[in-house]
Each structure stands twice: as C-alpha cells, then as structure tokens.
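For reference, the structure is listed below as structure tokens.
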Amino acid sequence: MRRSSLSTRLYRRVLILLALTGLAMGAVIYSVANVEVGRASDAQLVNASRLLYMMMQDELTAGALAARGQGLGAETDPLLSSEERKAFHASYDWCMFAVFWQGQPVARSGWGAPIDLIPRTRGLHAFTAMGDRWRSYGLLGNDPRLLVVVAERDSMRQFSMVPVIRKLAVPLILLIGAAMIVLWWTLRKSLSEVERLASSLSARTLADLTPLQPEDWSRDLGPLITALNTLFGRLEQAYELEQAFTDDVAHELRTPLAAIRAQAQLIHRTAPDALHEDLRRLLAAVDRANALIDGLLTLARLNATSVASRSVDVHALVADVVAETVMNLPPEAMEFTVTPDHIVRWRCDPGALQIALSAVIANAALHAREGGHIDIAVVRGGDRLVIAVGDRGSGVASTDRERVLRRFERGASPRPGSGLGLSIAVKAMALGGGTIRLEDRQDGPGLLVVLTLPARPD
C-alpha cells in the first residue's frame, strides 16, 4: 500500500490534535457555562422569591393568613391579583411558586411540581418530581412561620445554556478553522523546501555526486544536507574504488587472454588439420572473453559518466557508429541503410547516445543473417527523437523482451554473445533520460530496437 505524503500525514496529525483541543475546550466551555448559568439561575430564583414576597406582602401577614384558615391548600394563586400574576410571570414565566404557613400550603401557582415534593425549608435545594430534576429557593418572611418557595426545572437551565454556548462556540469554531488554514499554509511553506530538495535529488544521476551547498537551503535542513553530502562523499569514493578495481581486473585479464590468443594463432599455423577446429573454438572463446571484458568496462564507465547535453548532428553520429561497426565486420557481411529525418540535430549527451547506438547496432549485426540488411531510421515525433534499428534475424519472442534487456541475459539465438549489449544500451539511454523498447518488424521477420530521446531544454 502506497503511503500518503509527509505533508498529508503531518496535516492529518495536527488536525487530530486541533480536534482534540477543540473537544477539550468545548468541554471546558460547557463546564464553565453550566456553572455560570447555574449561578445566574440561582440568583434569579432568589430575585423571583423576593419579588413574589413583595407582591404578596399585604396578603402574607399573620392576621390575613390566620383569617384564611391554617392549612388551606389552594390549587391556584388567589393571593395574587390578575395584574400581579401577569407581572410576575412576565419576568419569571419558567418559575412555579408555593407559599407555606406553618408548614402548610396556603397558595401556589397553577402549574409545577406536586406540592408534597417541594422542600419546605429556606435556601437552595434540589429535588426530583415528575421525572425531572428541579431547583428551588425558600425565602423566610418577616414571620418565620411564613415560607415562600420558587422552583424551576433543570431542563430550563440547560435550555438557557444554548445561547451562551452558541456565543462561545462560534468564535471557537472560527478560531479552529483559521488555525487549520494557517497551519496548512505553514506546512506547505515549510515542506516546499523538502519538495525542492527531493526534486533536485531526483534530477541527479549516479554520476552527479557534487555536494549540496548549505547556503542554498533553509537552516532547518542543515542536518539533512550534511548527511546527504556525507553520503555523496562515500558513494563517490566507492565509485572510484569500483572503477579502479574494474580497470585493474580488465588489465590483468586482457594480458593473459592476449597471450593465449597469440599462442593459439601461432599454433594454428603449424598444427595438423585435426586440431584446427579445436583451435578455432579456443580463439572464439578468447574473443568472447574479451567482448565480455569490454562490455563490463563500458558498464562501469557508464556508472561514472556525467551527462553533458549539447546540440548533436544525430545523422552524423549514426553514420560514424555504422562506419565503426563496418570496420569490425568481414567485407560485405552486412548492408546498412540510414534514413534520417529532415531534422537531424538534437540536444542530448553525444557520448551516451554513441554508446547506446554502438551496442544496439553491434547487436543487430551479430544476430542478422549473413549478408543481411540493417535499417536505421531517425525520426522526430513531437517532442521526442526516435532512432529505430531493425535487422532481419530471428527476432526475440515478446515474452523474452524484458528479460534480454537485463545484464547477462540472451535470447534464443545460437549466435555467440556476452549478454551485455542491450543492457549497455539501456544504461546509456537512461543517463540521457531516454528509453529502449523491442518490437517486431512490420515488413517481415526480424527485431526492431527503438531508442527514444526526450527534448531537453537549452
């Protein structure tokens, strides 16, 4: 499974942190709002009881209550006039009330909790009635036998919290939203340097191991730049050691092989006819060993080659490679036809392209039939340059084409070879950003090797 980008992961983690922070702040806001609303509601209960007592002051005298009769439990509030009821409920429409004289109810509002469940002592109290929680406040009159109780549901308190929470939550949501936008911009800005570094590294080849300049990058990337430069130094040292080792090995192998070939040729001149076939096989084996050494050296040098692009006459380069190939072939062994496009100049690395063409053309000459024909076409297709090399040999099966592009892999052809030719071409083309693919010829049997080079800026 492909992992998401660093910026996405960081942004996701910070979003989770912001969400948790928002939830924590929301919990704090709810708790604070609950406490403050509770205090305000309790204060309103106190104020409501005082207002009610003031309205009933004339009716709530000992004489008036005694005249009404002790223990008179009214179902409504006859102690208030209609105007007083309207005034009270206009200010405290969510409150119920009850008036007790010597512990017995003498008046109450027309709605509310059952009178028997209402606390009959002074101060703030909590009780449960009708499946709901209530809050009450008892106010003692001038006569301690008189108690005025005002109560409200806790649900009304929760309802009162809604506008408070809304006023606090809206700024919090806006703040979190602004923080998310600022955070996203900050992360993108900070990680743009990492993306620029990644682009710079991806544009490099294995041969480009020049150290990065710390002043070209932000200070935050200093440790990473230092680590990369250290790695580049180690890789460069390893390449130098590898190159030196390869050159030494090639020299040490070529010397005895040259001696073996010289001795075999000398013996071939004087040896009986019965040994000529064996000596011919020995010479062929020595030639294959030399070809293998040359191929390995070419691969090693490609690893250490730096890309140097310039405008190249592709037709002339192809002609030079063909001429060099013909020099190494028996007379009239092969026929070449080069068909250039009307545009024959292209910006590329001439060294890498020459190595790739040499490998491909030599491979075509090796596998073409004796006296065969090799066609080379140079064509511009949009922003690409295509060089197609076709032979009339046995070709390569579609299932084997990917395999034969790897080192030391050969097709089904009985012709001798090192198995490095096409892999060298692949490596050389990759240095210049190009590609190689194998196709069947459309005009008959044979293999078509297609080299593609992209356009490079000046």
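Computed from the coordinates by the stated procedures, all read-outs in this text should not be read as laboratory data. Quick caveat: nothing in here was measured; it's all calculated off a predicted structure. Cβ: placed from backbone, ideal geometry, glycine included. Neighbour counts: every protein chain shown.
Close amide H pairs (under 5 Å, H built 1.01 Å from N) link ILE374 with GLU335, PHE336, THR337, residues at least 5 positions away or on another chain. Each peptide in 113-123, 216-226 gets a packing score, the mean of other Cβ atoms within 10 Å over its residues, and the list from highest to lowest is 113-123, 216-226. Normalised radius of gyration (Cα atoms, divided by 2.2 N^0.38 Å) for region 147-275: 2.76. Spatially, region 343-406 and region 186-261 are offset by 30 Å when compared through their Cα centroids. The packing ranking, built from the mean of other Cβ atoms within 10 Å per residue, places the peptides 128-136, 95-103 in the order 95-103, 128-136, highest first. Counting other Cβ atoms within 10 Å as a rough exposure proxy, the listed residues GLU240, GLU152 run GLU240, GLU152 from fewest neighbours to most.
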